[in-house]
1. Tell me the mean residue ellipticity at 222 nm calculated for the chain from its helices only (DSSP H runs of n ≥ 4, each -39500 (n - 2.57), averaged over every residue, nearest 500).
2. Just subtract the alpha-carbon distance of Glu402 and Ser139 from 0.36 nm times their residue separation and send over the number in nm, one decimal.
3. Once you compute Rg and the Kirkwood Rh from C-alpha atoms, what is the Rg to Rh ratio for segment 192-332?
4. Simple spin-label model, 7 Å along Cα-to-Cβ: Arg30 to Val411 in nm?
5. Loop-only GluC sites (Glu not before Pro) in segment 134-185, please: DSSP not H, G, I, E or B, and at most 16 other Cβ atoms within 10 Å.
6. FRET efficiency for Ser541 and Gln324, Cβ-Cβ distance as r, R0 = 35 Å, nearest 0.05?
7. Can you pull out the GluC sites (Glu not before Pro) in segment 279-334 whose DSSP state is coil and whose Cβ has at most 14 other Cβ atoms within 10 Å?
8. Find the centroid of the Cα atoms in segment 329-401 and in segment 463-499, then give the distance between the two in whole Å.
Amino acid sequence: MHLSGLLAVSLGQATDAGVKEANEDSLGIRVPEGELLTTKGIVAVIADGVSSAEAGKEASETCVSNFLSDYYSTPDSWSVKKSAQQILTSLNRWLYSQSQQFVETRRGFISTFSSIVIKSQQAHIFHIGDSRIYRLRGSNWEQLTRDHCAQVTAEQAYLTRAMGMDVMIDIDYRSVDVEQGDIFFLSTDGIHDFVSELVLKQACESNPEQYEQTCQQLTKTALENGSEDNLSCQIVRIDALPSAQSDDVYRKLSDLPFPPFLSPGLIIDGYKIIEEIHASNRSQLYLVQDRESDQQLVMKTPSVNFEDDPAYIERFIMEAWVGQRIDSPHVVNVVGADRPKKFLYYLTEFVGRESLGDWVAKNNKADTKADVKEVVRIIEQVAKGLRAFHRKETLHQDLKPENIMLTKEGVPKIIDFGSCYVAGIHEIAAPFERDIALGTVHYSAPEYKVGKKAGIQADIFSLAAITYEMLSGKHPYGDKYERCQNTQDFSRIEYRSSLEFNPMVPVWMDGALKKALSITTDLRHMDLSEFIYDINNPNASFSSEIRQPWIERNPVRFWQSVSGVLFLTCLVLLTKLV
């Protein structure tokens, strides 16, 4: 999905063993083609194996080769930070475990590591050890990393942090804006300890077409200046940034025209329209039949109201993109196109016609309430589907009963990806303000209303609100919730125990719901597994919290009851007197 043009760089690198017999430095640069250039960016990485650890060469080579290959294998929905941190944590554990196996021979797999990932208009820096990354912007030369070493004497220092040194890893991370013309310089200490920063700066200002020769010359200069270490460096210059004009982006987005209103019987790209399932001001859903396979599918088409809105079109394209990357039996399957398309639409499997909203209405009537075990069974499966989103660093943001369909066998499937937040795509710059289509207020977490950044706790809030409604047929905060506009409004509303509406709900389960539905994000469960565990297992702290005196739990209901008793007492006394 090329939404923001191309990133272009000039680069060069060189490495030399110097006076040493073996070169324990390692480096690499990868400039991918096609979609990866947009979704993952360009990577430069340099590593310096610690020679005193005996296995420094293996450690540095492993860091560079594995990072370059594994980074591009991570989901493109992941942010750069998450992708890199996952890889580096795994790499560090492997290096440390190798060191432990050879502890008697003192073969330590230890290496420094410095990498820059340039994606869209941001540079993401990951660093541990005493290799360095500099940036030259105009005439300003700046060191972007700090050395992780302790100085013992004027001539001697030792590393305090490095890959493979400890089972736990503490990687420095920062992101900086990138401008056209920025030059990044990466080096090991064999270079920057023996070449002045003025010479390094002048080298970066040389002809970009000769960066390879420039890097080789720097290794020679360091050697002439007395460097007794391995020598490695890299230069990366930003020649062009993905800053396409709106017209260019719009043209890419609107290669396919919007389909017209589709009536039953019409055929589009071999799909026969059976009926319209749903229509809103943003999209239409049609039940269609594939004339080749006779399979029934759902076709989603964009609304002509937004035909000239590139932000809306981007989000519509994103829906199919997200759905194709989520693999779960509890998320509706987006069907890939196996034939040329003449119009803009996408297809999903046809799950059925019953939504969880229909289930709630059917199982919560005046004289009956939903079975607690059945509610938990369904919610556990919905949580599995939601977890599939979170593993791709994606928030659903519009979880509600109407967006969960039930198969004939009662299996829930999450649908509608129109409000999803994808961390990896959010990092890609766009020349227009992106369309934000947040979920239904009734089920959305308070942070959306007050403008705070939302995380997985927001999806947990929505899932808990659905669970509460399935059990009680009510909203945990009543009608006042939808009228809240700011933090002060939310502070005035109070959670209503689900036991008031369904006495079959266990006390500890209501406590778990209360926690997941906290107005304050930090008070909620940290992940879905914790929430699911709490609605399945009694928690003493929840029970004791709810079994406080009635006057404290529900003072209004308490005093109403006291007044009623007093009224009846007075009535009885009055009758006797008469």
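Only the coordinates and a few stated rules stand behind these numbers; no lab work does. Owing to the predicted nature of the structure, the values given are computational and were not obtained by experimental measurement. Here Cβ is always computed from backbone atoms with ideal geometry, including for glycine, and neighbour counts include all displayed protein chains.
1. Details: 20 runs with 208 residues, N = 578.
That comes out to -10500 deg cm²/dmol.
2. Working: separation 263, 0.36 × 263 = 94.68 nm, distance 5.75 nm.
Fully extending the segment from Glu402 to Ser139 adds 88.9 nm.
3. Numbers: Rg = 28.2 Å, Rh = 20.7 Å.
That ratio equals 1.36.
4. In this crude label model, Arg30 to Val411 measures out at 3.5 nm.
5. Values: sites: Glu142, Glu155, Glu179; in loops: Glu155, Glu179.
Taking segment 134-185 and a limit of 16 other Cβ atoms within 10 Å, the loop GluC sites (Glu not before Pro) found are Glu155, Glu179.
6. Values: r = 42 Å, r/R0 = 1.21.
The value I calculate is 0.25.
7. Working: sites: Glu292, Glu307, Glu314, Glu319; in loops: Glu292, Glu307.
Sites meeting the loop and neighbour criteria: Glu292, Glu307.
8. Centre-to-centre (Cα) distance: 22 Å.
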